[in-house]
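Q: Below are the C-alpha cells for one structure; questions will follow.
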Amino acid sequence: MIFKYPLMIIAAAILQQCSYSQNKSNSNTSTMDSTKKNNPVYSNTDTSKVAMSDEEWKKILPGDVYSVARQKGTERPWTSKYESFFDKGTYYCAVCGNALFKSDTKFESGCGWPSFYEPISKSSIIYTPDNTYGMNRTEVMCGRCKSHLGHVFEDGPPPTGLRYCINGVVLDFAKAKEAEKKYSEQKEEKPKQ
C-alpha cells in the first residue's frame with residue numbers, strides 16, 4: 001500500500017510528459033509562412049522523397065516546427081490553431097508541403113490535438129512503432145520527408161476506427177477552392193446597403 005501512491009504519481013508524471021511540449025528552446029517560433037519562403041523543398045505538388053540532414057532542417061525550419069518534426073517533440077494540448085478549425089480544404093506537412101489529410105476526415109476527438117480518421121493516401125503517411133515513455137504506440141511520419149507528425153490510435157470513428165492525433169504545428173492548411181469560390185459568389189450576391 002505504501003508503494004501504491006508513489007508508483008501512481010510516477011506513472012502520471014510519465015504520461016503527462018507525453019502531453020506537454022518537449023521543446024526546451026522556443027527562440028524561433030515564427031509562423032508557417034516563413035517555413036515556406038525559406039524552405040527550398042516545400043511543395044504541394046512535388047511527391048519526390050526528401051532527404052536532408054537535421055542540421056539542414058534546423059537552418060530552414062522555425063524552432064517549434066523543428067522540435068516536433070525532427071526531434072519528435074509534442075506541442076501542448078489545445079494550443080494548435082487547427083484543434084477547433086473546421087474549414088473545408090486540405091492539410092499539408094508544414095515541413096515539406098506533402099498532402100496529408102482532407103478536412104472531411106477531421107473530427108473532434110477531445111484529445112487536445114487535431115484528429116483525423118484517414119490520411120489522404122496510403123503513401124502520404126509512414127508508420128513506425130513507438131515504445132517511448134513505457135507505452136506501445138504507432139508513430140506517424142510524413143511519407144515524403146519523414147517528419148514526426150504524431151500518433152495513430154485504434155479508438156477513432158467509422159469508417160476506419162482510427163484516430164490520427166497530429167501536432168498542429170507541423171500542419172499547413174489550404175482552403176478548398178470550390179468552397180472559397182461559393183463564399184465569394186454569395187458575398188457578391190448580397191445587395192449592398
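Read the figures in this text as sums done on the coordinates, not as results from a lab. Not measured: the values here are computed from a predicted model.
Q: Can you give me the three principal axis dimensions of the stretch 33-177 from its C-alpha atoms, in Å, biggest first?
A: Principal-axis extents of the Cα atoms in the stretch 33-177, largest first: 43, 38, 28 Å.
Q: Continuing with this model, one more query. List, in the order given, every pair from Lys49/Lys72; Lys72/Lys122; Lys59/Lys102; Lys59/Lys177; Lys49/Lys102 whose Cα-Cα distance in the structure shown is over 28 Å.
A: Lys59/Lys102; Lys59/Lys177
Q: Would you mind calculating the gained length between Ile126 and Lys81 on full extension (0.36 nm times residue separation, minus the Cα-Cα distance), in nm to one decimal?
A: 13.8 nm
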